[in-house]
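A.B. asks: One structure coming up, written as structure tokens, with questions to follow.
The values are calculated or read from the model by the stated rules, or taken from the named source; none is laboratory data. What you see is a predicted model, and the numbers here were worked out from it, not measured in a lab. Cβ placement follows ideal geometry from the backbone for every residue including glycine, while neighbour counts extend to all protein chains displayed.
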Amino acid sequence: MTDVSQLRRRHLRFGWYALLCFSVVGAGLELMHGFKAGFYLDVESETRRLMWRLAHAHGALLALVNIAFASTLQHLSGAHPSRLRLASGCLVIAGVLLPLGFFLGGLFATAGDPGLPVLLVPVGAALLIAGTALTAHGTR
């Protein structure tokens, strides 16, 4: 199996399983609304609610970005394989760090401020930007 086909399978697998995971997370958030879960809906939980919605939204979006990357790989035949592997790693790690930072930031939120794990978010964002830039550069 070629390097590109391995990357394609990696991103399709990661993207679809991440989309499944964050669809379940979204359903869980809806259930907490439906059952009026106080730890989620109380006024003092506003930061937690915001952070968890951001985790869900970013997780689902990044799942789709990984699926799009898998679809784009066939058009990047001129790109250097090491750049493709670097872009791949950046996008997968961003797909984990961004939603995880939002989720854990909400889990450990206190007094209206997100918890310290929210610091994973800018790292994930930087990796997303790097992976996107490498991919965009490969389309030239």
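A.B. asks: From (1) of a type in the set (Ser, Thr, Tyr); (2) modelled with pLDDT of 95 or more; (3) more than 20 Å from His137 (Cα to Cα), pick out the condition that doesn't hold for Thr110.
C.D. replies: Result: Thr110 passes all but (2).
A.B. asks: Restricting to region 5-45, name every residue that is more than 17 Å from the chain's Cα centre (by Cα), farther than 17 Å from Leu107 by Cβ and buried (at least 17 other Cβ atoms within 10 Å of the Cβ).
C.D. replies: Within region 5-45, Leu7, Arg8 meet the criteria.
A.B. asks: Quick check: is even one residue across region 12-29 in a helix (DSSP H, G or I), of a type in the set (S, T, N, Q), at pLDDT 95 or above and farther than 18 Å from Gly138 by Cα? Reasoning before the result, please.
C.D. replies: In the first step, residues of region 12-29 are kept if they are in a helix (DSSP H, G or I); the result is 12-29.
Still in the running and of a type in the set (S, T, N, Q): 23.
Narrowing the set further to residues that are at pLDDT 95 or above leaves 23.
Add one more test, that the residue is farther than 18 Å from Gly138 by Cα, and what stays is 23.
Yes: one or more hits.
A.B. asks: Would you be able to tell me the number of residues in region 57-83 that are of a type outside the set (S, T, N, Q) and in contact with a helix residue (DSSP H, G or I) (Cβ under 6 Å, 6 or more places away or on another chain)? Step through it out loud before you land on a result.
C.D. replies: First pass over region 57-83, keeping only residues of a type outside the set (S, T, N, Q): 57-65, 67-70, 73, 75-76, 78-81, 83.
Of the ones still in play, those that are also in contact with a helix residue (DSSP H, G or I) (Cβ under 6 Å, 6 or more places away or on another chain) are 58-60, 62-63, 67, 69-70, 73, 76, 79, 81, 83.
Result for region 57-83: 13.
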